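Here it is, the structure, as structure tokens.
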Amino acid sequence: MENSKLGVLLIVISLTVGGMFLYYTGKLIEDGKEMGCFPNEECMNIEYSLNFSHIAVGVFSFILALGFYLLFFNKTEKAILNKLEDDKNQKVEDSKFDILLKALDDYEQKVVKAVRDQPGITQSTLRIRTDMSKSKLSYVLQELERRGIIKRIEKGKTLEVYLKV
């Protein structure tokens, strides 16, 4: 059962039972006043019943508080499921990326890792991060673009590089 539905159910139950206990306690107090109890030994049953009603009010309060907690504050189940789903998706993406890297040479791996770390990186920045010459980087980028691994988009006088996979 969903937490919010369970919370509503507990609140309804606790309000119903709490109302019954409050009525019962009021009735016991009335009976005690009519009989002139509390200083007498003969009214011990009413006193024990009042003690029971105080415990019942405590239980009622606990159930009511638990119902409100489940209804309004307990959102951890959804958060945990979302976190697990995100972790799973990230692991799948990482494994795909690792498989891709195995098919590339060292220079291509450097470039692809740098582009993954910073999507939209310019060629001039990429050249600095990978420590390659302009001609070597240009050759590697052309080869990766030909294979459909990256795409280059013009930005002013330079090109931005993005992963396609």
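The values are calculated or read from the model by the stated rules, or taken from the named source; none is laboratory data. Computed from a predicted model, the values in this text were never measured in an experiment. When we count neighbours, we look across all protein chains shown, and the Cβ atoms used for this are built from the backbone with ideal geometry, even at glycine.
Hey, does segment 124-135 have a residue that's on the phi > 0 side of the Ramachandran plot, of a type in the set (D, E) and out of contact with any Asp or Glu (no Cβ under 7 Å at 6 or more places or on another chain)?
At the first step, the residues of segment 124-135 found to be on the phi > 0 side of the Ramachandran plot are 131.
Applying the additional criterion that residues be of a type in the set (D, E) yields 131.
Retained after the next criterion (residues that are out of contact with any Asp or Glu (no Cβ under 7 Å at 6 or more places or on another chain)): 131.
Scanning segment 124-135 turns up at least one residue that is on the phi > 0 side of the Ramachandran plot, of a type in the set (D, E) and out of contact with any Asp or Glu (no Cβ under 7 Å at 6 or more places or on another chain).
Out of the residues in segment 1-55 that are over 20 Å from F72 (Cβ atoms) and among the basic types (K, R), state the one that is modelled with the highest pLDDT.
K27
Could I ask something else about it? Among the candidates S133, S138, S124, S95, which residue alone is loosely packed, with under 15 Cβ neighbours inside 10 Å, more than 30 Å from S4 (Cβ to Cβ), touching a strand residue (DSSP E or B) at 6+ places or on another chain (Cβ under 6 Å) and among the hydroxyl-bearing types (S, T, Y)?
On the way: S133 fails: touching a strand residue (DSSP E or B) at 6+ places or on another chain (Cβ under 6 Å); S138 fails: touching a strand residue (DSSP E or B) at 6+ places or on another chain (Cβ under 6 Å); S95 fails: touching a strand residue (DSSP E or B) at 6+ places or on another chain (Cβ under 6 Å).
That would be S124, the only listed residue that is loosely packed, with under 15 Cβ neighbours inside 10 Å, more than 30 Å from S4 (Cβ to Cβ), touching a strand residue (DSSP E or B) at 6+ places or on another chain (Cβ under 6 Å) and among the hydroxyl-bearing types (S, T, Y).
Could you tell me which of the residues K88, K157, K151 is surrounded by fewer than 16 Cβ atoms within 10 Å (Cβ to Cβ), under 30 Å from E2 (Cβ atoms) and either in contact with a His (Cβ under 7 Å, 6 or more places away or on another chain) or of a type in the set (K, R) (or both)?
None of the other options fit; the residue is K88.
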